[in-house]
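Sending over a structure as structure tokens; questions will come in a sec.
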């Protein structure tokens with residue numbers, strides 16, 4: 001399966017040049033770009049690990065691309081995404097977020113059903129990869 | 001000429017008397033002292049409801065009416081009557097006024113202008129003191145402003161065009177239960193419009209069949225599916241059946257995609273007790289969103305908004321029934337007023353028009369509605385039908401929904417007209433896809449992502465739109481097929497409701 005979180009997951013994987021243009025767009029809006037990675041892509045896992053801090057005061061996408069390549073060297077077997085933060089009043093949250101790196105094999109999610117009273121079912125989604133310990137999930 | 005060089009006359013909230021209107025905007029005719037309270041009938045304009053020298057206070061609520069007096073009725077008298085009948089007046093003088101601070105409570109019409117290019121119609125500006133209204137109650141606000149006057153005999157027609165809501169009043173309302181920012185955080189979706197579809201056919205599917213449509217659409221790539229306005233609990237599908245099968249579909253699609261998904265479960269019912277029961281069940285099943293119809297009434301909407309805030313639920317409003325009073329230009333209530341009321345009342349989503357789809361809405365007027373939903377401050381923009389500066393004082397933002405006769409081939413136009421914070425709902429444009437519902441959903445999602453990518457890259461996506469879509473379709477057969485099937489579908493009809501003011505170039509200084 002292919003996890004389709006983020007803004008561009010339905011398109012073919014973005015090339016570095018395409019990623020760089022999106023980063024440049026974010027910087028031109030005055031947003032700070034953050035690199036995050038995880039091996040637990042559960043849809044409600046909001047807090048992926050941060051690769052350093054969001055890059056404030058950056059003007060050129062090249063800086064982000066350099067960091068992204070460093071991150072890929074270490075965590076190239078995991079999910080990596082870029083998130084852009086807008087600090088302006090009334091928003092103060094993420095403006096754009098998209099996946100820029102994926103594991104070769106994406107095993108997907110198990111849906112568990114617990115039958116409750118009546119016809120009610122309690123659902124739990126869990127990543128097959130998360131069955132293994134952190135750090136060894138996509139070996 | 002770039003749009004920011006276009007100028008229009010802005011109407012200040014205080015009195016302005018251009019020479020050509022000076023015979024209309026006369027001075028006060030108010031009878032004062034003892035004579036004011038002599039038993040009998042006095043013209044409204046002499047009773048203190050026409051005060052052209054009045055300077056509205058920052059805390060006043062101001063209403064703008066389009067007044068069409070009966071033949072032979074003085075427009076100032078007609079406008080004063082509207083002020084009177086929507087505040088303290090009755091048809092005759094009453095001595096009991098003298099027991100009150102009557103002058104404060106009288107609504108004051110302070111300005112009457114002829115409507116451009118519409119003989120017989122007048123814009124009446126009326127100011128209401130804040131003390132006339134109960135805090136935090138749309139029912140009370142609307143009972144005052146539109147409660148009595150619309151059937152008044154001396155008027156042929158009356159329309160409430162816009163309102164200025166003072167911050168002091170705005171702050172008495174909860175506002176949208178969730179708001180655009182928190183909705184995006186909860187749904188984990190940033191940087192693009194959200195995608196939805198209304199399940200079709202709207203009537204007749206069993207719960208099991210209905211859930212099938214939801215599953216296919218969500219798995220194919222939509223973020224939301226939606227009950228239609230008249231899906232409640234009918235013989236072919238009891239509401240609990242619908243909720244159970246829909247949540248199976250939502251959870252299966254979430255697991256299949258790794259994304260958060262939702263389906264607007266319509267909890268509209270005959271009584272508040274039934275609505276609460278349905279909302280509680282939706283919560284118990286883990287739904288992220290519920291839905292109500294505008295026809296349940298303002299108080300019921302406010303109750304559901306409070307429930308939604310307490311229960312971490314997004315609240316979708318379907319504006320069912322609004323066209324009965326919003327569509328005609330001369331009579332009723334403009335949708336921009338309804339949008340303002342709904343932002344106060346506290347819903348998170350509101351249908352606000354598509355511009356290019358099958359339902360009424362010219363681009364400029366629709367832009368005005370979207371601004372009212374999404375901005376923290378609306379400057380007066382007569383060319384969008386927005387007559388007043390409006391501060392929202394950090395009240396949550398309301399997500400507009402575009403629904404009705406739109407398809408993937410219009411993606412560039414939709415993004416251009418409606419922007420990024422909007423839900424695009426492709427019902428027929430998903431379910432009617434020749435390769436099936438999943439393919440229909442995928443076509444829409446690919447078209448959207450390709451357009452956002454192109455926009456962010458700085459391309460002239462509006463003009464290059466068809467090219468961008470064709471390119472994306474090269475690697476996506478469902479999109480290719482959607483573009484082929486719906487390529488010629490447009491809905492070009494004359495709008496019945498448009499702004500009265502058009503931009504004119506400013507005079508060079």
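The values are calculated or read from the model by the stated rules, or taken from the named source; none is laboratory data. As the structure is a prediction and not an experimental result, all values here were calculated from the model. Neighbour counts run over all protein chains shown; Cβ positions are idealised from the backbone, glycine included.
Which residue out of B:317, B:344 is under 18 Å from residue B:422 (Cβ atoms) and touching a helix residue (DSSP H, G or I) at 6+ places or on another chain (Cβ under 9 Å)?
B:317
Inside the range B:249-271, can you point out the residues that are in a loop (DSSP other than H, G, I, E, B), facing another protein chain (nearest Cβ under 9 Å) and in contact (Cβ under 8 Å) with a residue 12 or more places away in the chain?
B:259, B:260, B:261
Here's another thing I want to ask about it. Suppose we filter B:424, B:453, B:469, B:462 for residues that are within 24 Å of the chain's Cα centre (by Cα), outside the structural domain of residue B:161 (by TED's automatic domain parsing) and modelled with pLDDT of 95 or more; which single one remains?
B:424
Which ones in the range A:85-112 are within 12 Å of residue B:255 (Cα to Cα) and facing chain B (nearest Cβ under 9 Å)?
Matches in the range A:85-112: A:108, A:109, A:110, A:111.
Looking at the range B:272-317, which of the residues that are in a helix (DSSP H, G or I) and touching a strand residue (DSSP E or B) at 6+ places or on another chain (Cβ under 7 Å) is surrounded by the fewest Cβ atoms within 10 Å (Cβ to Cβ)?
Selected residue: B:294.
Being in a loop (DSSP other than H, G, I, E, B) and in contact with a strand residue (DSSP E or B) (Cβ under 7 Å, 6 or more places away or on another chain) is the filter here; which residues of the range B:222-248 pass it?
Residues satisfying the conditions are B:222, B:223, B:227, B:228, B:229, B:231, B:232.
Take the residues of the range B:167-205 that are away from chain A (no Cβ under 12 Å) and closer than 22 Å to residue A:9 by Cβ: which is surrounded by the fewest Cβ atoms within 10 Å (Cβ to Cβ)?
Once the filter is applied, the top-ranked residue is B:196.
Only one of B:355, B:386 is at negative phi and in contact (Cβ under 8 Å) with a residue 24 or more places away in the chain; which?
Within the list B:355, B:386, the selection yields B:386.
Would you mention how many residues in the range B:317-332 are in contact (Cβ under 8 Å) with a residue 24 or more places away in the chain and within 30 Å of residue B:279 (Cα to Cα)?
Total meeting the criteria: 8.
On to the next question. Filter the range B:114-137 down to the residues that are within 26 Å of residue B:71 (Cβ to Cβ) and surrounded by fewer than 19 Cβ atoms within 10 Å (Cβ to Cβ) and list them by number.
B:114, B:115, B:116, B:117, B:118, B:119, B:120
Please work out if residue A:58 is in a loop (DSSP other than H, G, I, E, B), modelled with pLDDT under 95, farther than 24 Å from residue B:448 by Cβ and away from chain B (no Cβ under 11 Å).
Yes, satisfied.
Given the condition more than 11 Å from every other protein chain (Cβ to nearest Cβ), out of contact with any strand residue (DSSP E or B) (no Cβ under 9 Å at 6 or more places or on another chain) and in a loop (DSSP other than H, G, I, E, B), answer yes or no: does some residue in the range B:454-464 qualify?
Yes, the range B:454-464 has at least one match.
Give the range B:408-451 a look and list any residue that's assigned to a loop (DSSP other than H, G, I, E, B), touching a helix residue (DSSP H, G or I) at 6+ places or on another chain (Cβ under 9 Å) and away from chain A (no Cβ under 14 Å), or say none.
Result: B:422, B:426, B:432, B:433, B:434, B:435, B:436.
Could you list all residues from the range A:1-34 that are more than 10 Å from chain B (Cβ to nearest Cβ) and in contact with a strand residue (DSSP E or B) (Cβ under 6 Å, 6 or more places away or on another chain)?
A:19, A:31, A:32, A:33, A:34
Is it the case that the range A:34-48 has a residue that's at pLDDT 95 or above and more than 15 Å from the chain's Cα centre (by Cα)?
Taking every residue of the range A:34-48 in turn, none turns out to be at pLDDT 95 or above and more than 15 Å from the chain's Cα centre (by Cα).
Let me ask you something else. For the list (1) over 11 Å from the mean Cα position of the chain (by Cα); (2) at the interface with another protein chain (Cβ under 10 Å from one of its Cβ atoms); (3) surrounded by 12 or more Cβ atoms within 10 Å (Cβ to Cβ); (4) closer than 30 Å to residue B:248 by Cα, I need the number of the one condition that residue A:118 fails.
Residue A:118 satisfies all of (1) over 11 Å from the mean Cα position of the chain (by Cα); (2) at the interface with another protein chain (Cβ under 10 Å from one of its Cβ atoms); (3) surrounded by 12 or more Cβ atoms within 10 Å (Cβ to Cβ); (4) closer than 30 Å to residue B:248 by Cα except (3).
Filtering the range B:465-477 down to residues that are closer than 15 Å to residue A:8 by Cβ and in a loop (DSSP other than H, G, I, E, B), which residue is farthest from the other protein chains (Cβ to nearest Cβ)?
Of everything passing the filter in the range B:465-477, B:476 is farthest from the other protein chains (Cβ to nearest Cβ).
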